[in-house]
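Take a look at the structure set out below.
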Amino acid sequence: MIQTNDLWKRYGKTEILRGVSLEVSRGEVAAIIGPSGGGKSTFLRCLNGLESFDGGSVTIDGETIDARVPQARRREANRRICQKIGMVFQAFHLFAHWNVLRNVAEPPIRVLGLSRPEAEERARRLLDRVGMGDRLTAAPSELSGGQQQRVAIARALAMRPQAILFDEPTSALDPRMTGEVLSVMADLARDGQTMIVVTHAIGFARRVAHTVHVFDKGRVVESGPPDRVLENPAQQATRDLLAEQG
Amino acid sequence: MEEDASRDHPASIVAFPTPPATILRRLARRGYVLPTLAILCLARFAVIGRADTLETIHHTKKITCGSDMEGGAPYIYLDPENPNRTIGFEKDLFNAIAADLGAAPVVAQGQWDTLLQVLDSGRVDIVMNGYEWTEEHALRYLSTRPYYVYRLQLMARADAGFRSWSDFTANDSARPRRRRIGVLRGSVAERFARENGGSHTTIIGFDGATDAMEAVVNGQIEATLQDVPSARFYVKRMPKLRLVGDPVGRGYYVIYLRKNDIDLKKRLDHTIERMIQDGSLRTIYERYDVWNDAQVDLASWTPELFATTRTEANTSVGNWAIVAKNLPLLLQGAATTVLLAVASMPLATAIGLILAIARLYGPRPARFLSRVYIEIVRGTPLMLQLYVLFFLFPRLGLTLDPIVAAIAGLAINYSAYEAEIHRAALQAIPIGQFEAALALGMSRGTAIRLIIIPQAARIATPAITNDFIALFKDTSVCSAITLVELTKQYNILALSTGAVVEFAATAALFYLLMGLPFSWLSRRFERNAIGAGSGRGIGI
């Protein structure tokens, strides 16, 4: 479903990604953990084209983007990829000028060509599912962080994505709100939604993920099922990380 | 208004007539000092109460004459050989007058049709600039004996189909087409054309004599009626123009002074009289090729020719009846102002948005061109841009209607300012909004259109509303390309009726009323919007 092959990314002389090869299959929940600055978020943003990369390739649902293709020509392929995989950001990024319902209903109308009634029906159902069905007309600025993030998840789901990328979805939230959001995500995982989750919530990775990838200094240092990687880490970097996060 | 000499009149309060002074004391005693002063200024008592100008001239050794040098040849203009010097037959006459008074001649530049208001304000001592003697003016100002006998000359392109004034104005069924004639606004020629132009002639007022000639050369109008000295001077410099037929009309140029400057008037009359008698005036006129047989009448002129039938001049404030009577004209001017602003601002906003988007998101050449456009348009005056559109574009084969040129000029000028407002607003939207849109599969264009622009619009609205109200007032510049909008209409009415204060107050009120609905709409839009820029700011 999602595959990267020897992905490299540089900012000037700083190497952010140093040859990341990773595979996520359909229905799989992959957690990416690792210290800050390890390249986790950059990796995620390379998958849907928010960041360009300098070496290697990304293949998503049969669509391959190769670093050798000029940036301008990647734009269209990136757009097609974005229509297949959703993204949930750390800072939510709900559209500030639209109310809750419109945030969720409008993108499928504009991008997928859904009719308005159809899109709004879908949006209501999804907002019910994330527990936001009673706040349809609220402005994003009137919501708490946890509420905003649940709307953002509904917004991603409304596009019926084949996979969703979560970029530290709970890092901006306090523990109670973190719980709200993680339970929604666990719910999605049970339904078989393909997800890649960059997270510091080790507990969530342990309970929900099928695979855990540990990033350090721009490389994947360890991959495997959570009970092996998290209970019995083979790498020092993983042990340091787990010790640090308690 | 530029002026070399500034003067104080400490004696002005002493010279107040008694009744106002009494009122002043009474009001001042009640503590209404500031309002009282304001009323006094408005009422122009300061002018009435001014010390005699002749005394001041003796004291400062300077005499100041209001004049318009723009297209002012051969009356008064910059010497082409030495642009630091002004020359012209009126300038030479003024020099002689100043010499007789033992004072230095100072010329103050002002727009021609406002010179008498400048005289009212006390900034100049006299006005001498091809002003004819009229009964209306004579009721409000003192005038000297005439120094020149003017006639009017029709000018047209060499290929014009008429041979004389009567030919031009004839109700000829073979030429049913509307005929447009350009005149200097507020001039004798304008009045003559109104009275004798016939039903098929449209009169278009220009701010400068040469502007009207330029418009004839460009084919925007068919003819112009000019004072003979002007026509004869410029016909040599504009090869496409011809003098058409014999001069028409006839009247006297005089020097105007404030009503109470009787002593100064006597001195000026004396000098002019002497120069007519000893032939020095003729020498000046021959030097500038403006002498002709009609000037013989100068010597035979008698004061009876300047007798006025009415005696009451309207100098009192509070003549609102005259405002009411001319309200339709003011409303017409206001309608033109509204049309100009309402048509040009949406254009400016749209062009500005395109420029801002090109500058922020466009490819390198578009970014560069947008910047160049903004810098050039923002860095040159609106007046100049209007001149280019109206007077220079016809030379390239593109003749624009005044209203089209004005709307285009305003839109182009304001678009550069709007572009920068849009740019700041677009840049204020967090990048995350754009990334979220892209991550949902929107194209960059869709993301900008659906997500960025609507949010930026809310941020930009107060600044754009600001500019819109500024544009309302900037429309007055369009009178330079013959449009009669509110300010120009006010000016014309104030000049012809003397009710300056009343018309100024009415025009100001109109501007205020026109701007208010837009302020209100803009605030409502901001209030109803959600998202960026709609938040309650600190302190509310």
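Each reported figure results from applying straightforward, stated rules to the coordinates on display, with no laboratory input. Please read these numbers as outputs of a predicted model, since none were measured by experiment. Ideal geometry is used to build each Cβ from the backbone, glycine not excepted, and the neighbour counts take in all protein chains shown.
With runs of 4+ DSSP H residues as the only contributors, calculate the mean residue ellipticity of the protein assembly as shown at 222 nm using -39,500 (n - 2.57) per run, divided by the residue total and rounded to the nearest 500. The partial results should precede the final answer.
On the way: 33 runs with 379 residues, N = 786.
Dividing the helical sum by the residues of the protein assembly as shown leaves -15000 deg cm²/dmol.
What FRET efficiency do you get for A:R228 and B:A424 if R0 is 45 Å and r is their Cβ-Cβ distance, rounded to the nearest 0.05?
0.25
What list of ³J(HN,Hα) couplings, whole Hz, do you get for the range B:139-152 from phi and the Karplus terms 6.51, -1.76, 1.60, once you set θ to phi - 60° and write x for glycine and proline?
Values per residue, Gly and Pro as x: 6, 9, 10, 7, 10, 7, 5, x, 10, 7, 9, 9, 9, 10 Hz.
Per residue of A:141-148, count partner chain C-beta atoms within 10 Å of its C-beta, then hand back the mean as an integer. Before the final figure, lay out the partial values.
Details: counts 5, 1, 0, 0, 0, 0, 0, 0.
The shielding value for this peptide is 1.
Quantify how strongly other chains surround peptide A:107-118 by giving the mean number of their Cβ atoms within 10 Å of each of its Cβ atoms.
Details: counts 9, 2, 0, 9, 6, 2, 0, 0, 0, 0, 0, 0.
Partner-chain Cβ atoms within 10 Å, mean over residues of A:107-118: 2.
Any idea how far apart B:A307 and B:E286 come out in nm if each label point goes 7 Å out from Cα toward Cβ?
Computed distance between label sites B:A307 and B:E286 equals 3.6 nm.
Looking only at A:T178, A:T137, A:T64, which one moves most when chain A is put into a Gaussian network model with springs between Cα atoms under 10 Å?
Result for chain A, Cα springs under 10 Å: A:T137 fluctuates most.
Go through the range B:55-133 and name the GluC sites (Glu not before Pro) that are in a DSSP coil and have 12 or fewer other Cβ atoms within 10 Å of their Cβ.
Values: sites: B:E55, B:E70, B:E81, B:E90, B:E132; in loops: B:E70, B:E81.
Those that pass, being in a loop and sparsely packed, are B:E81.
So for B:H137, B:H59, B:H270, A:H213, fewest C-beta neighbours within 10 Å to most, what's the order? Walk me through the numbers on the way to the answer.
On the way: B:H137 20, B:H59 11, B:H270 14, A:H213 24.
Sorted ascending by nearby Cβ count, the order is B:H59, B:H270, B:H137, A:H213.
Taking the Cα atoms only, what angle lies between the long axis of helix B:18-29 and the longest principal axis of chain B, rounded to 10 degrees?
30
Mean Kyte-Doolittle of at least -0.5 and a Cα length of 15 Å or more along the axis: which whole DSSP H helices of chain A meet both? Spell out each step's value before the answer.
Working: long enough: A:71-84 (20 Å, -2.13); A:116-129 (19 Å, -1.92); A:145-157 (18 Å, -0.18); A:175-190 (22 Å, 0.24).
Once both thresholds are applied, what remains is A:145-157, A:175-190.
Calculated FRET efficiency, B:D293 and B:R242, Cβ-Cβ r, R0 22 Å, to nearest 0.05?
That pair, B:D293 with B:R242, gives E of 0.50.
Only bridges with both residues in the protein assembly as shown count here: give the DSSP antiparallel percent, nearest 5. It would help to have the intermediate numbers written out before the result.
Details: 42 of 75 bridges.
Once the DSSP bridges in the protein assembly as shown are tallied, antiparallel ones form about 55 percent.
Evaluate the relative contact order of the range B:135-207 (contact order divided by residue number), counting alpha-carbon pairs under 8 angstrom at least 6 apart; express in whole percent.
Values: 50 pairs, mean separation 20.9, N = 73.
Normalised by residue count, the contact order of the range B:135-207 is 29 percent.
I need the shape label for the range B:386-540. Rule: rounded when a/c is under 1.5, else prolate if a/b > b/c, else oblate, with a, b, c from the alpha carbon gyration tensor. Can you show the working numbers first?
Working: a/c = 4.27, a/b = 1.66, b/c = 2.57.
Oblate.
Under 13 Å from a point 7 Å along the Cα-to-Cβ line of B:N528: which residues of the range B:467-507 have their amide N that close?
none
Using per-residue counts of other Cβ atoms within 10 Å, averaged over each peptide, order A:2-12, B:222-232, B:143-153 from highest down. Can you show the working numbers first?
Details: A:2-12: 16.7, B:222-232: 25.3, B:143-153: 22.5.
So the order, starting with the most tightly packed, is B:222-232, B:143-153, A:2-12.
Could you work out, residue by residue across B:429-438, how many beta carbons of other chains sit within 10 Å of that residue's beta carbon, and then give the average as an integer?
Details: counts 2, 3, 2, 7, 5, 2, 8, 14, 6, 8.
That average works out to 6.
Find, among the GluC sites (Glu not before Pro) in the range B:280-387, those assigned to loop by DSSP (not H, G, I, E, B) with at most 13 other beta-carbon atoms within 10 angstrom.
B:E312
Could you check the simple spin-label distance between B:R367 and B:L339, using points 7 Å along Cα→Cβ, in nm with one decimal?
4.3
Of the beta bridges DSSP finds with both residues in chain B, what % are antiparallel, to the nearest 5? It would help to have the intermediate numbers written out before the result.
Values: 20 of 36 bridges.
Among the beta bridges of chain B, antiparallel pairing accounts for roughly 55 percent.
Taking a cut-off of 25 Å between Cα atoms, list the lysines near B:K265, but don't count ones fewer than 8 places away on the same chain.
Cross-link targets: B:K61, B:K62, B:K91.
Distance between the C-alpha centers of the range B:372-449 and the range B:259-307? Whole Å please.
Each part reduced to its Cα centre gives a spacing of 56 Å.
Using the Cα gyration tensor of chain A, with a ≥ b ≥ c the square roots of its eigenvalues, what is the shape: rounded (a/c below 1.5), prolate (a/b larger than b/c) or oblate (neither)? If you can, show how the numbers build up before the last one.
On the way: a/c = 1.92, a/b = 1.28, b/c = 1.49.
Oblate, since a/c reaches 1.5 and b/c is not below a/b.
Distance between Cα centroids, the range B:193-254 to the range A:132-166: provide it in whole Å.
One Cα centre to the other: 73 Å.
Just A:R26, A:R122, A:R110 to compare: in a GNM of chain A, with alpha carbon springs under 10 Å, which one fluctuates most?
Maximum fluctuation in the GNM of chain A, among the listed residues, is at A:R110.
Output the relative contact order of chain B, whole-number percent, from Cα pairs under 8 angstrom with separation of 6+ residues. Write down the numbers at each step before the final one.
Numbers: 781 pairs, mean separation 79.7, N = 540.
So the answer I get is 15 percent.
Set the Förster distance to 30 Å, then compute FRET efficiency between B:A170 and B:R140 from the Cβ-Cβ distance, nearest 0.05.
On the way: r = 37 Å, r/R0 = 1.23.
The formula returns an efficiency of 0.20 here.
Would you mind computing, in nm to one decimal, how far apart the modelled labels at B:E55 and B:L516 are, each placed 7 Å from Cα along Cα→Cβ?
Inter-label distance under the simple model: 4.6 nm.
Looking at the range B:54-149, which trypsin sites (Lys or Arg not before Pro) are DSSP coil and have at most 14 other C-beta atoms within 10 Å of their C-beta?
Details: sites: B:K61, B:K62, B:R85, B:K91, B:R123, B:R140; in loops: B:K61, B:R85, B:R123.
Answer in residue order: B:K61, B:R85.
Could you tell me what fraction of 2.2 N^0.38 Å the Cα radius of gyration of the range A:77-184 comes to, as a two-decimal ratio?
Values: Rg = 13.0 Å, N = 108, 2.2 N^0.38 = 13.0 Å.
Dividing the Cα Rg of the range A:77-184 by 2.2 N^0.38 Å gives 1.00.
Which one of A:R73, A:R160, A:R150 has the biggest mean-square fluctuation once chain A is modelled by GNM with Cα springs under 10 Å?
Of A:R73, A:R160, A:R150, the most mobile in the Gaussian network model is A:R73.
Determine the relative contact order of the range A:91-165: mean sequence separation of Cα pairs under 8 Å and six or more apart, normalised by residue count, in whole percent.
Details: 89 pairs, mean separation 32.0, N = 75.
Once normalised by length, the contact order is 43 percent.
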